[in-house]
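Quick notes on the structure that follows.
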Amino acid sequence: IATRKYTTDIHLVKSIRKVLQRGDILAMYPEARYTPCGTLAFMPDSLGKLVKMNKVPVVAVVHHGNHLYAPFWDYKHKRKVPMHTVFTQILTAEEAATLSVPEINTRIREALQYDEYRYQKEQGIKITEPFRAQGLHRVLYKCPHCGAEFQMGSGGAELFCKACGKRWLWQEDGYLKALEGETEFTHIPDWFAWEREQVKQEILDGTYNLDTDVKISLLVDFQYIYNVGEGHLTHNREGFKLTGCDGRLNYTQKPQACYGLYADYYWYEIADVICIGDNETLYYCFPQGSGDVVAKTRLAVEEMYKLYKERKLVATATDKKIPNND
């Protein structure tokens, strides 16, 4: 069922309902929802509402090994990793009809929990490729030793900070070890979770800010992506603002508009991309000279959405006009 990524689409909901009502099986695959560090991404409460509305059995599909084989941040270089998939029925039709939406969401989230690096260690899987750390700095962008952002680098089996010089070895079992001094994080998802908390605090403090020049492409139909020129992208507690095309483009997107961000590394071998937009137009923004901002921006979008939902950030009068993505 064709749809635009990360937009509110009532037609999609109606299409899903029609497929299920005629007795077909619907497979929901989170395209472009790539895991940055091999763990479950944020899932909206609307998923439980969708199940409740359709009252059909639900099967969870968890695929192990794919992230280790071709991680989001270096998918071009494959690792030799075994893979397997587990199918589990987690809801009957009766349970989908009788359980509350929070209970359904809990059941789904518990079934889909996974940690690829813990799985690797528990299964005794060794990744011996000499390039295994290549690209890891795209996700682990902040140094826990000196606090510098976008100064991380990687090469071979090592991760390092260009600002303070500290280095970590990514061992064959998937865990990190500092070559000198304290190992702040042995587990990659723990490092990423720390970065998330850092971003959340910046948002609460009002200091979070993305400010970058971008090249811009547009998707307005399902035929082509059109290159339209250059512009400027900002992101803060007020949301995204994109300007450009000699003053002809001025697009804003509030934090409540979507729970996630379509962002990719080296998108179609062009460049890192941040994609925002609505059902009329998707704006593909390619940051210029701003460092590895993709991971941090994605974290900021998720945390900002949750903070507004939890009312820890107060919406302005204009914000209230934004439809709830649920």
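The values are calculated or read from the model by the stated rules, or taken from the named source; none is laboratory data. Keep in mind the model is a prediction, meaning the values are calculated, not measured. Cβ placement follows ideal geometry from the backbone for every residue including glycine, while neighbour counts extend to all protein chains displayed. Note: accessible area is taken over every heavy atom of the protein model, side chains too, but ligands, DNA and RNA are not part of it. Shrake-Rupley method; radii C 1.70, N 1.55, O 1.52, S 1.80 Å.
Picking from THR207, THR212, which residue would you name as being in contact (Cβ under 8 Å) with a residue 40 or more places away in the chain, farther than 28 Å from LYS49 by Cα, polar (S, T, N, Q) and surrounded by fewer than 21 Cβ atoms within 10 Å (Cβ to Cβ)? Even if it seems obvious, please write down each step before you answer.
Numbers: THR207 fails: in contact (Cβ under 8 Å) with a residue 40 or more places away in the chain.
Just a single option satisfies the conditions, and that option is THR212.
Could you check segment 75-111 and list, in sequence order, the residues that are closer than 21 Å to PHE42 by Cα and part of a helix (DSSP H, G or I)?
VAL101, PRO102, GLU103, ILE104, ASN105, THR106, ARG107, ILE108, ARG109, GLU110, ALA111
Here is a yes/no grid of residues against (1) touching a Phe, Trp or Tyr at 6+ places or on another chain (Cβ under 9 Å); (2) among the hydrophobic types (A, V, I, L, M, F, W, C); (3) closer than 24 Å to GLU184 by Cβ:
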{"position": "PRO102", "(1), (2), (3)": "no, no, no"}
{"position": "ILE108", "(1), (2), (3)": "no, yes, no"}
{"position": "GLU116", "(1), (2), (3)": "no, no, yes"}
{"position": "THR128", "(1), (2), (3)": "no, no, no"}
{"position": "PHE131", "(1), (2), (3)": "no, yes, yes"}
{"position": "LEU136", "(1), (2), (3)": "yes, yes, yes"}
{"position": "TYR141", "(1), (2), (3)": "yes, no, yes"}
{"position": "HIS145", "(1), (2), (3)": "no, no, yes"}
{"position": "GLY156", "(1), (2), (3)": "yes, no, yes"}
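Residue check: is LYS215 at pLDDT 95 or above, over 21 Å from the mean Cα position of the chain (by Cα) and within 21 Å of GLY291 (Cβ to Cβ)?
Spelling it out, LYS215 is indeed at pLDDT 95 or above, over 21 Å from the mean Cα position of the chain (by Cα) and within 21 Å of GLY291 (Cβ to Cβ).
Identify, by number, the condition in (1) in contact with a Leu (Cβ under 9 Å, 6 or more places away or on another chain); (2) at pLDDT below 95 that GLU116 doesn't meet.
Result: GLU116 fails condition (2) only.
What's the total number of residues in segment 9-45 that are open to solvent by 30 Å² or more (accessible area, probe 1.4 Å), among the hydroxyl-bearing types (Ser, Thr, Tyr) and more than 30 Å from GLY174 (Cα to Cα)?
Of the residues in segment 9-45, 0 are open to solvent by 30 Å² or more (accessible area, probe 1.4 Å), among the hydroxyl-bearing types (Ser, Thr, Tyr) and more than 30 Å from GLY174 (Cα to Cα).
Here's a check for you: in segment 159-192, which residue that is open to solvent by 50 Å² or more (accessible area, probe 1.4 Å) and part of a strand (DSSP E or B) is nearest to THR128 (Cα to Cα)?
So, considering only residues that are open to solvent by 50 Å² or more (accessible area, probe 1.4 Å) and part of a strand (DSSP E or B), the one nearest to THR128 (Cα to Cα) is LEU169.
Here is a list of conditions, (1) assigned to a loop (DSSP other than H, G, I, E, B); (2) buried (at least 21 other Cβ atoms within 10 Å of the Cβ), and GLN120 meets all of them except one; can you say which number that is?
Just one mismatch for GLN120, condition (1).
Filter the strands (runs of 3 or more DSSP E) completely within segment 226-288 down to those with at least 1 residues that are closer than 13 Å to ASP213 by Cα and open to solvent by less than 10 Å² (accessible area, probe 1.4 Å).
Filter on segment 226-288 gives 226-236, 239-244, 271-277, 282-288.
Scan (1) outside any loop (DSSP other than H, G, I, E, B); (2) among the acidic types (Asp, Glu); (3) surrounded by fewer than 16 Cβ atoms within 10 Å (Cβ to Cβ) for the single condition GLU195 breaks and write down its number.
(3)
Mind listing just one residue for me: the one in segment 69-91 that is in contact with a Lys or Arg (Cβ under 6 Å, 6 or more places away or on another chain) and within 22 Å of VAL294 (Cβ to Cβ) and, of those, most open to solvent (accessible area, probe 1.4 Å)?
Taking the candidates together, the pick is TYR69.
Which is of a type in the set (Lys, Arg) and more than 23 Å from the chain's Cα centre (by Cα), of LYS76, LYS5, LYS49, LYS80?
Details: LYS76 fails: more than 23 Å from the chain's Cα centre (by Cα); LYS5 fails: more than 23 Å from the chain's Cα centre (by Cα); LYS49 fails: more than 23 Å from the chain's Cα centre (by Cα).
Residue meeting the stated conditions: LYS80.
Anything in segment 123-151 that is among the polar types (S, T, N, Q), in contact with a strand residue (DSSP E or B) (Cβ under 8 Å, 6 or more places away or on another chain) and open to solvent by 70 Å² or more (accessible area, probe 1.4 Å)? List them, or say none.
Result: GLN151, single match.
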